[in-house]
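Scroll down for the structure; my scribbles are underneath it.
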Amino acid sequence: MRPTLLNPLFTNIRNLSGVGDKAHKNYLRMFGSDLIKDLIYHLPVGFVDRTNMPDLTYAENKTILSAVVDVKEHFPPKPRSRQPYKVVCQNETGYITLVFFNHKGDYIKNILPVGQKRVISGKVEKYDGILSMTHPDRVVPLSEIKNILIMEPVYPLTYGISQRSIIKTVQLAVNKIPELPEWIEENYCAKNHWNSWADSIRRVHKITSGKDLEPTLPTRQRLAYDELLASQLALAISRQRNKKQKGYSLKNAGTLRQRMLDGLPFTLTKGQNQVLKDIYHDMEEPSRMLRLLQGDVGAGKTVVALQAMLCAIESGKQCALMAPTEILARQHGASLQNMLEQAGLNDRVTLTVLTGKEKGKTREAILHGLEQGSTHIVVGTHALFQEHVTFANLGFVAIDEQHRFGVKQRLQLTNKGDSTDILLMTATPIPRTLTLTLYGDIDVSLLKEKPAGRQAIDTRILPKSRIDDVTSGLKRAISEGNRIYWVCPLIEEDEEQQNQFAAVETRFKELNCLFPNRVGLVHGKLKSDEKEQVMAQFKEGALDILVATTVIEVGVDVPEATIMIIEEAQQFGLSQLHQLRGRVGRGTKKSNCILIYGHALSETGKRRLQIMRETEDGFRIAEEDLLLRGSGEILGTKQSGMPDFFLASFPEHNELLLAARDDVKYILQNDPKLTSPRGQNLRTLLYLFSYDEHIGLLMSG
C-alpha cells in the first residue's frame, strides 16, 4: 500500500484553489493525469525577466519591461467602432499608452482607475517615438510590486492553459509537497552537491537566471537521478522476477525450421542466423524468454519470427503475432502464409488472421480453431487479447512494433498462455542509452545488415519552390511502371479542432487533377475498411500515387513503389524520416526518396536532412536523432511503451543513468526485498513514480 506521507502528492489538482472544471479538464488532457505529483514535475523551459525597469523614454522596442505609473486618462472607442481602448499613463521618466482590444464593460476602468498608481508589466512597442504596451501581462496595485518584479518561469503549455494560470497552480502544488525520506546514498548526494527531494522541487520552479534551466544544474540533476533510479530499479525487479518464472524447454529436432529454410528463395544473413541462435537458446531454457529484436528497415525480422514460431509449433505450442494496425496484421499474415507455401508447410502449419473486422461465423470458426488447438499461428491486432479469445496451448508470442502497445496490453496477451515465451520486435532503431531506459529488463538482439538484393535508395533534398519539377517528373516515372508515395505532415489541431488533415487532403486534390483516378488518399480519419481498400488498390496497381500521412510509416510493403516524396520534411524526426524512406527500395528497381523542405529551415532542420542524405544506417540515424531532439521525442510522446521522462534528458544525463544502474545492482545484491531502512525509502520512491506493481512483485517473489 502506498505510504500515507505521499498522499498530498496523489491528491487531485481539482482541490487546488482556482482550478475549476474547465481548468481541471485541460490539465487532465495535457498531463494524462490530474494529480499534484504530475504538476510539480512539469518543469519550466524558459523565463521572463520582469525586473527590467528602464526609463520609459529610453525603453527598447519589443522588450519586456515593468514600470510604476500614474494612470492619467482613458480613451474608450466610440460605440460599434473597431478601434482599441487606450489608457495613457505616466511616470517621472516618460509616457506609455496601454492598448486593449475586445474590451468588455468597466473592466479596464476598474483595474486602471484614473489618478492612482499601478504596476504594469509586458512587451512594449515603439512607433514614431510613441511607447505602447498591448494587453499588459500584469496590472496590479503598488502594494503587489514584489509579486511583479521577479524572474518568472515559463512552462510548456497546450489546451488553452495560460502561463499566469499554471504559474499560480504550480506554486500552490509546490506549497503542498511533503518532506520525504532520502533514498539516495548520503555520500553520493554530498559528492554532487544535491539537496533533499523537497528542496530540489521548490528550487527547480524558482528561476533566478538562464542557468537554472540547464540539465547540469545540481537541482535538475538530483531530480533526474530520482527518476532514473526509480525506472532502473523497477526494470531490475521485473527482470529478477522474469528470470525466476518457470517456462517450458522448447527443444526439438528442428525439422519444420529446416524445411522452411530449404524452401526459401534466399539465404539468411549472418545476423539473422546469430539472432536465431540466441532465440533458440532462450526457448530451450526452462525459464521464460523475453527478448527484444531490433531490426533496421528491411533487415528481415519477419522470417526470424516465423523460424521461432516453427520451433514452438514443433514442440506442441501455438503462436501469436500481434501488430498495431489491421493493415500491418494482414500484411504479416500474407507474408507468413507465402513463406509457408514456398516451403511446402501450408499443409502442416495452419495460420489465420484475427482483427476487429472478422465477424459472425468467420470469427466463431477462428476462435474455435484457437481454443481447440487446430490453429497453429494467429496474426492479429489488439483483438487477440480480448477476454473471449482463448488458446489451447499458447507458447510463443511475437509483438511487432511493440512500443505502440502498453505493458498491460502485452501482459493481457501473454497471460493467455502458461509461461509464454515473448519476442518483442521493432523496426525503430533505438540508441543504446534509450535501450537501457526502455528495456533494461529485456535481452536485446540487433539485426543491422540487410538481406542480399535490397536496393540502395538515392535521397535528394529540394526546396518547396521546386515542387512543380517534382510533379512533372511523376508522369515519366508512372509510365515506367513505378508507384509513388507522397507523405504530408499532420497539422496540429488547435482549440477550435480545425482539420488536421488539411495538408494531405489539399495535396491529394492537386495531384488528382494532374493524374485523374490514379491517386489514392490514406489518413487517420478514414475508417479501417476505407484505408484497407485504398492500400489494396495501390498494391495491385489500380492506383499509381498514394498520398498519405505517416499512417504508412511502418509495415506497408509494395515492392513496385520506388519513389518516396516527403513534403515539409523538416517537420519530421530523423527516425520517422528513415521509417518512411524504408517503404521504398523493397523491389529490384532503383528507388528514390525526395525530401521537400519549406521556407523556414532551421540549422537543426538542415542537419537532419543532411544526415538522411549521408546514410541509410538506422542505428546511426537513431543516435543522431537522440542528439538533435532529445529522448522524449524519439518514439513519439503518445506511444505507450515510451516512459514519460519529465526530468531526465539524454545525452545530458547519460552518466546519471549509468550510475543509477550501478546503484540498483548494488541495492538488489545486498537488499533484494528492499527491507533495510534505505530499501524502505526506495519503496517510497517507486510509489512516487507509480511503480506500484513492482512493489507487488517484490512482495510475491
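Read-outs: derived from the displayed coordinates by stated rules, not from any lab. The structure displayed is predicted, hence computed values, not measured ones. Note that each Cβ is placed from the backbone with ideal geometry, even for glycine, and that neighbours are counted across all protein chains shown.
With θ set to phi - 60° and the Karplus curve 6.51 cos²θ - 1.76 cosθ + 1.60, what are the ³J(HN,Hα) couplings of segment 169-185 in order, to the nearest whole Hz, using x for Gly and Pro?
5, 4, 5, 4, 5, 4, 5, 9, 6, x, 7, 10, x, 7, 9, 8, 4
At 7 Å along Cα-to-Cβ for each site, give me the label-to-label distance between Ser249 and Val140 in nm.
If labels sit at Ser249 and Val140, their model points lie 7.3 nm apart.
Sort out for me the Cα centre separation of segment 1-29 from segment 509-557, rounded to whole Å.
44
Using the number of other C-beta atoms within 10 angstrom as an exposure proxy, rank Cys513, Cys189, Cys89 with the fewest first.
Ordered by Cβ neighbours within 10 Å, fewest first: Cys513, Cys189, Cys89.
Could the peptides 322-328, 534-540, 13-19, 34-40 be put in order, highest first, of the mean number of other beta-carbon atoms found within 10 Å of their residues?
Output ranking for 322-328, 534-540, 13-19, 34-40: 322-328, 34-40, 534-540, 13-19.
Using DSSP, restrict attention to beta bridges with both residues in the chain and report what percent are antiparallel, rounded to the nearest 5.
Expressed as a percentage, antiparallel bridges in the chain total about 35.
Before anything else, pin down the relative contact order of segment 16-111: Cα pairs under 8 Å, at least 6 apart, normalised by residue count, whole percent.
17
Could you work out how far the C-alpha centroid of segment 249-307 sits from that of segment 324-403, in angstrom?
First find each Cα centre; the distance between them is then 19 Å.
Placing one identical point scatterer on every Cα of segment 51-149 and ignoring solvent, what is log10 I(q)/I(0) from the Debye formula at q = 0.13 Å⁻¹?
Each listed q corresponds, in turn, to -0.41.
Report, in cubic angstrom per residue, the convex hull volume of the C-alpha atoms of the chain.
Measuring per residue, one finds 203 Å³ for the Cα hull of the chain.
For the chain, what relative contact order do you get, as a whole percent, if you take Cα pairs closer than 8 Å and at least 6 residues apart?
13
In whole Hz, with x marking every Gly and Pro, tabulate ³J(HN,Hα) for segment 132-139 from phi via Karplus 6.51 cos²θ - 1.76 cosθ + 1.60, θ = phi - 60°.
9, 9, 8, 6, x, 5, 9, 9
Starting from the amide H of Val48, placed 1.01 Å from N in the peptide plane, find each other amide H under 5 Å away whose residue is 5 or more places distant or on another chain.
It is Glu152, Val154, by chain and number.
Taking 45 Å as R0, compute the FRET efficiency from the Cβ-Cβ separation of Gln171 and Lys464 and round it to 0.05.
With R0 = 45 Å, the Cβ-Cβ based efficiency is 0.50.
Relative contact order, percent, of segment 457-633 when contacts are C-alpha pairs under 8 Å separated by at least 6 residues?
Reported as a whole number, the value is 29 percent.
Please determine, in degrees from 0 to 90 and to the nearest 10, the orientation of helix 21-31 with respect to the longest principal axis defined by the Cα atoms of the chain, where the helix direction is its Cα long axis.
50
So which aspartates and glutamates can Lys117 reach, going by Cα to Cα under 15 Å and dropping same-chain residues fewer than 8 places off?
Partners within reach: Asp70, Glu73, Glu92, Glu144.
Check which residues have an amide H placed less than 5 Å from Leu290's amide H, if you skip close sequence neighbours.
Excluding prolines and chain starts, which carry no amide H, the hits are Ile422, Asp443.
GluC sites (Glu not before Pro) within segment 170-279: which are DSSP loop residues with at most 11 other Cβ atoms inside 10 Å?
Glu179
Give the shape of segment 289-349 as rounded, prolate or oblate, defined through the alpha-carbon gyration tensor: a ≥ b ≥ c are the square roots of its eigenvalues, a/c under 1.5 means rounded, and otherwise the shape is prolate if a/b is larger than b/c and oblate if not.
Since a/c reaches 1.5 but b/c is at least a/b, the shape of segment 289-349 is classed as oblate.
Taking a 32 Å limit on the Cα-Cα distance, which of the listed pairs Lys86/Lys206; Lys361/Lys509; Lys301/Lys416; Lys277/Lys539; Lys361/Lys527 fall beyond it?
Lys86/Lys206; Lys361/Lys509; Lys277/Lys539
Pull up the cross-link candidates among the aspartates and glutamates for Lys211, meaning alpha carbon to alpha carbon under 19 Å and not fewer than 8 places away within one chain.
The reachable aspartates and glutamates, counting only those whose Cα sits under 19 Å from Lys211, are Asp49, Glu152, Asp199, Glu652.
For a quick protection proxy, order the peptides 68-78, 53-63 by their average other-Cβ count within 10 Å, most packed first.
Final packing ranking: 68-78, 53-63.
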